[in-house]
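Working notes, beginning with the structure itself.
The values are calculated or read from the model by the stated rules, or taken from the named source; none is laboratory data. Computed from a predicted structure; not experimentally measured. Glycine gets a Cβ as well: all are built from the backbone with ideal geometry, and neighbour counts include every protein chain shown.
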């Protein structure tokens, strides 16, 4: 009798799931008829058979945009999981101006895949929790806090450049993406956590950097494998077992730092009055209007989020900036002339110099347009939303393809041309602020964007002041979008002494 009851319940459940999928399939078919869908489409596989990784996906996106000039795209992950995407400022701004949450509620949502890793921190959280934590953490990025960090940027850059000096002296090329990742992790640890672990000096890699890179890969891999959407199947898979091992590793790294700071503050609470508060100090001591602070889980989620976002996205931007310096020697020379003029014989870039590096800033903006550090973000619709005249129903995922917006021919007619001057006198051009969103936009824009830009200016300025860079003949430089924009085969350069 019990077996029969269980079987009946299972059949009823499967029937309800089938009815739900049929209903959603009809919804998607109706909406897709009004939007631009990828081709070719398979009745069972949808479009997933065309996509092995995010590089394939973006090739499909660019092909469709070139052919149709579409502002909204649609696709299907097998026959049961619809995805819509905005690829134009006119449609992206509708979502960026809204309060729609990140895609952590749906089975295939990209943010859902990283919750075990990053927790419910600023990147993923929404509603009252996000508002409270954003308000508590904003003081960590005030100008008074950021100003002393410039010396840390210089110190980190000095170690980074000394490693490049070895390549320069030997005449051998060097793969810089991995080296930049170590430098930006070093910066984040020193600035936000007041932690010096000598991550650059200990070797050509670091377990944390390796783990983050692999976690990003596994997260994207799971979004493209719907059979791994159910948690119990994912954790049983080889990818899931590796993922669990890696998150244990990065959590242990963060926990050790947090525990050390707690012990230090318990022994000497007065140290908070002796120095500027860093990000971790603020996390541990912050209280909201009700006198409530962050619990241990919230603190770790924010530390994990900032260690990842603060080092990996910035490493992407700086690495592609170095690639562009080497590829466009005339741009490299312009930045060299600006940096030497601003420094006027001084050895290091100061806080006051950052605002004077105007062409360097234009160059970095163009790098982030050409090679978007964060290729896409996502939202989950809690209510119907009209995009380009089409009503997208509630309970659907909509991706905001930052990389596609940065290359949409309606917005950037010469988008394949690298031209920093396009960002000259932006105020006079009256450019729509949603046409260029390397740090997202709206209320959920990146809280650390000034931190990142300052770090990029110091590292690039220090680099061109000391070295000339050239591409390595025969090496393949290929974008590989994941959670951040990586280089599939790394970025190799030849380093020459000035």
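Points to keep in mind about this one:
- Residue in the range 193-201 that is in contact with a helix residue (DSSP H, G or I) (Cβ under 7 Å, 6 or more places away or on another chain) and in a helix (DSSP H, G or I) present: yes
- Screening the range 230-330 for helices (runs of 4 or more DSSP H) wholly inside it with 3 or more residues that are modelled with pLDDT of 95 or more, farther than 25 Å from residue 139 by Cα and in contact with a strand residue (DSSP E or B) (Cβ under 8 Å, 6 or more places away or on another chain) returns the ranges 314-327.
- Enumeration of residues in the range 3-35 that are exposed (fewer than 11 other Cβ atoms within 10 Å of the Cβ) and closer than 16 Å to residue 75 by Cα: 26, 33
- Taking the range 106-154 as the range and being in contact (Cβ under 8 Å) with a residue 60 or more places away in the chain, closer than 24 Å to residue 81 by Cβ and part of a helix (DSSP H, G or I) as the test, the residues that pass are 110, 111, 113, 114, 116, 117, 118.
- Filtering the range 39-77 to residues that are modelled with pLDDT under 85, closer than 24 Å to residue 402 by Cβ and in a loop (DSSP other than H, G, I, E, B) leaves 39, 47.
- Answer residue from the range 78-102, given it is modelled with pLDDT of 90 or more and assigned to a loop (DSSP other than H, G, I, E, B) and is surrounded by the most Cβ atoms within 10 Å (Cβ to Cβ) among those: 87
- Pick from the range 381-397, criterion in a strand (DSSP E or B), modelled with pLDDT of 90 or more and in contact with a strand residue (DSSP E or B) (Cβ under 7 Å, 6 or more places away or on another chain), ranking: farthest from residue 484 (Cα to Cα): 390
- Filtered by the rule that a residue be surrounded by fewer than 18 Cβ atoms within 10 Å (Cβ to Cβ), assigned to a helix (DSSP H, G or I) and in contact with a strand residue (DSSP E or B) (Cβ under 9 Å, 6 or more places away or on another chain), the range 435-465 gives a lone residue, 449.
- If the condition is being touching a helix residue (DSSP H, G or I) at 6+ places or on another chain (Cβ under 8 Å) and surrounded by fewer than 19 Cβ atoms within 10 Å (Cβ to Cβ), then the range 52-77 contributes 53, 56, 60, 62.
- Of note, residue 473 satisfies the criterion of being part of a loop (DSSP other than H, G, I, E, B) and either in contact with a helix residue (DSSP H, G or I) (Cβ under 9 Å, 6 or more places away or on another chain) or modelled with pLDDT of 90 or more (or both).
- Of all residues in the range 1-35 being closer than 22 Å to residue 46 by Cα and outside any helix (DSSP H, G or I), the one that is nearest to the chain's Cα centre (by Cα): 35
- Residue within the range 404-414 that is free of Cβ contacts under 8 Å to residues at least 40 places away in the same chain and buried (at least 18 other Cβ atoms within 10 Å of the Cβ) present: yes
- Looking across the range 147-163, just one residue is in contact with a strand residue (DSSP E or B) (Cβ under 9 Å, 6 or more places away or on another chain) and at pLDDT 95 or above, and that is 161.
- The single condition from (1) over 25 Å from residue 254 (Cα atoms); (2) buried (at least 19 other Cβ atoms within 10 Å of the Cβ); (3) without any contact (Cβ under 8 Å) to a residue 60 or more places away in the chain that residue 163 fails is (2).
- Residues of the range 417-434 classified as modelled with pLDDT of 95 or more and either closer than 30 Å to residue 190 by Cα or surrounded by fewer than 13 Cβ atoms within 10 Å (Cβ to Cβ) (or both), total: 1
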